[in-house]
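Down below is the structure, laid out as structure tokens.
The values are calculated or read from the model by the stated rules, or taken from the named source; none is laboratory data. Nothing here was measured: the structure is a model prediction, and the numbers come from that model. Glycine also receives a Cβ, built like all others from the backbone with ideal geometry; neighbour counts cover every protein chain displayed. For accessibility, only protein heavy atoms count, side chains too; no ligands or nucleic acids. Shrake-Rupley method; radii C 1.70, N 1.55, O 1.52, S 1.80 Å.
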Number of protein chains: 2
Amino acid sequence: MGILGGMGPEATVLLMARVIGATPARDDSDHIPLIVDQNPQVPSRISALIEGIGADPAPVLAAMTRRLKDAGAEALAMPCNTAHHYAPAIRAAVSIPLIDMVALSAKAALQAGHGAKIGILGSPAIQRIGLFDTALEKEGMTAIYPADQTALLAAIRTIKSEGATPAARAVLASAASDLVRQGAAVQLVACTEFSVIADAAREEADVIDTLDVLTTEIVRFARRGDQQCFGGQNTHESRSNRS
Amino acid sequence: MGILGGMGPEATVLLMARVIGATPARDDSDHIPLIVDQNPQVPSRISALIEGIGADPAPVLAAMTRRLKDAGAEALAMPCNTAHHYAPAIRAAVSIPLIDMVALSAKAALQAGHGAKIGILGSPAIQRIGLFDTALEKEGMTAIYPADQTALLAAIRTIKSEGATPAARAVLASAASDLVRQGAAVQLVACTEFSVIADAAREEADVIDTLDVLTTEIVRFARRGDQQCFGGQNTHESRSNRS
């Protein structure tokens, strides 16, 4: 599994830790091999998408994609919801599949079965680019956003600089409560800063963390691979030592 | 920076988190780019070195090394002390430098300036392969080991399965205290499980975590690169967006 990472670097580390935690393992060799391009210098997605300035992230992501493929990746994952705006450029660069965190999270929200209004707990940028609106509409659902986006952005900045303070937790709980009032009993955490305090929102609603959705799919894909794929097409020399 | 990872996978994630924490950063783009081969299927170093069974890790590490070089790595680091036994095979595979965690840790112990006896807090395997004995002898120092290696191994297994329990912390503190009695005021943490509870040993002695030594050198190398290297020889397309 190739990881298009670094957006931000903490999200990539959190995904890797969750993949380890979600893998049934008695020994190192039971864990899932990953090739991770931790590239924090991908041009700012916010600048390009919202402010319309700076370099285009698409060709950088395409180059990373080709390098991961050349390094032996058989599939790709990207722990950054916003960057999924560039999924077409990534898919155009190589023939191996990109696991789509946004589309899979929309499906997970549908499966939760608590109505068509799905709350989105993320940065204001996530609302402005409309990524989840499109993905949820494909499943017949609607994205709902907390009214106080300024408070959410302030909480994200607090968590980045000071960690998960009680005040930041209170903001997330309040946003989740607001979304319930708006009719969204199921909510998606779409921001790594909120991933680490998702329990604060879980006291208010049925909360699905998009990073957990991606983690589950990576583990599922890798374990399917154990049974079907990693035979003759083995590019990772060491896999032959597993049996 | 290319990372020869997966030995074990948690150590690689911990190194990545520490590199992020040790990098002065105002934004994603200030962080250090890494290409990480998280390969938990490198054949067991313990089996090969101590039990004399299983596949040879050397060719797998050499193949990983070549892939990291091809993916754009300009230097290599490996968050596993034991695997440094195979440093010659890694160096023979490519022309880019391998940061030597064991040699650098020996130098850090020398610089600490508290005598020639250096305590080693690690698994029994670390004592048996004598890696630190050799590295410390080169600096005119001697490796000293806690008497109760069985307790250390039990503590490592406890931390792997149950986390950093008070009992595990007590074992590490007791080992550090034993080393002080043997004359080792400076001690090296040479095991990732003990990295997360190094403070328990720090109450007893002047403790240097080998993973911190590696972290510091990665950050130093990358920041030197900002000034000297990443100009015309730029292989990581996105770096040109940093200025």
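Numerical summary
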read-out	value
Whole-percent pair-distance distribution, where bins are 20 Å wide, for the alpha carbons of the protein assembly as shown	23, 53, 23, 1
Region A:30-107-region B:124-185 distance, computed between alpha-carbon centres (Å)	42
Cross-link partners of B:Lys69 among aspartates and glutamates (Cα-Cα below 14 Å; sequence separation of 8 or more within a chain)	A:Asp37, A:Asp70, B:Asp37
Those residues of region B:54-73 for which accessible area with every protein chain present is at least 10 Å² below the isolated value (1.4 Å probe)	B:Ala55, B:Val60, B:Ala63, B:Arg67, B:Ala71
Relative contact order computed over chain B (Cα-Cα under 8 Å; 6+ residues apart), in percent	20
Ratio of Rg to Rh over region A:37-101 (Cα coordinates, Kirkwood Rh, two decimals)	0.95
Tail beyond 15 Å, pair distance distribution of region B:68-139 (Cα, percent)	58
Coordinate range along principal axes, alpha carbons of region B:102-209, Å, largest first	38, 26, 22
Nearby lysines by direct alpha-carbon distance to A:Lys107 (threshold 18 angstrom, same-chain neighbours under 8 apart not counted)	A:Lys117, A:Lys138
Evaluated over region B:1-151, the Cα radius of gyration and Dmax, each in Å	16.4, 49
q = 0.13 Å⁻¹: log10 I(q)/I(0) that the Debye formula gives for region B:1-83, counting C-alpha atoms only	-0.45
Per residue accessible area of region A:37-146, 1.4 Å probe, in Å²	37
Total accessible area lost when B and A pair, probe 1.4 Å, Å² to nearest 100	3000
B:Arg128 versus B:Lys107: modelled label distance in nm, points set 7 Å from Cα along the beta carbon direction	3.1
